[in-house]
Amino acid sequence: MTIDALIVGLGNPGTQYERTRHNVGWMATAALAARHGLRFSSKRMQAELATGTVAGKSVVIAQPQTFMNDSGKSVGHLVRWYKVPLTALLVVYDDVDISFGALRLRPSGSHAGHKGLGDIVQQLGTNAIPRLRIGVGRPIGGGEALGHVLKPFALPERTVLTSDILPAAADAIEAWLTTADFDTAMQHVNGYRPPVMERP
């Protein structure tokens, strides 16, 4: 099967993780799939897959089921199975170093301590992996980042996440798909700011 793009949302399987900050990559890719009437109806290479057309492009949207820290095992197999160049791969994930709701599209870079992306980098042997980072912010008053990302979004966060941030993330993925020049896509995506909201 020949596809134009492989879009991967990172997260952890299990109902206890569904609403956590670490799963915002899954949330964004689910929002994209729902927008285009695609369902996660098949499984391959330890991932749930939604296959179809997004913005005129043939895509596979994947949600690895390996748990976050082993995401590369699934992604590496998927890249080889679909024979996609790395420029046609987009990884969507959470980032504590970005303010809540902000979006950052980049063509490459270090994993900056994110274990899921780090495993993908290790499996693919390169940092040149296009990625969309969705800011989840750091805990107010400090605290451990790991505990923070494994906690559910607070109700005020969930409200703006559903109404604004996830649709903007889906828009960002579509911009990456359809904009020929990556710099232009970055300018469009990275200028997004979520509505002002008091953090809980």
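Pick from ALA47, ALA33, ALA88: which is touching a residue at least 24 places away in the same chain (Cβ under 8 Å), of a type in the set (A, V, I, L, M, F, W, C) and more than 19 Å from GLN123 (Cβ to Cβ)?
One residue alone meets the criteria, ALA33.
Conditions first: (1) within 17 Å of ILE98 (Cβ to Cβ); (2) under 17 Å from the mean Cα position of the chain (by Cα). GLU174 passes all but one, so which condition is the exception?
Just one mismatch for GLU174, condition (1).
Give me the pairs, please: first residue somewhere in region 156-182 and small (Gly, Ala, Ser), second residue anywhere and open to solvent by 10 Å² or more (accessible area, probe 1.4 Å), beta-carbon distance under 6 Å, and either six or more positions apart or on two chains.
Cβ pairs passing all conditions: ALA168/TYR192; ALA170/ALA31; ALA170/ARG35; ALA175/HIS188.
Go through the residues of region 64-85 one by one and say whether even a single one is over 15 Å from the mean Cα position of the chain (by Cα), open to solvent by 30 Å² or more (accessible area, probe 1.4 Å) and among the β-branched types (Val, Ile, Thr).
no
Can you tell me which residue within region 1-14, out of those that are modelled with pLDDT of 95 or more and open to solvent by 30 Å² or more (accessible area, probe 1.4 Å), is farthest from ARG80 (Cα to Cα)?
GLY14
The values are calculated or read from the model by the stated rules, or taken from the named source; none is laboratory data. Just so we're clear, the structure is a prediction, and the values are computed from it rather than from any experiment. Glycine also receives a Cβ, built like all others from the backbone with ideal geometry; neighbour counts cover every protein chain displayed. Ligands, DNA and RNA are excluded from the accessible area calculation, which covers all protein heavy atoms including side chains. Shrake-Rupley method; radii C 1.70, N 1.55, O 1.52, S 1.80 Å.
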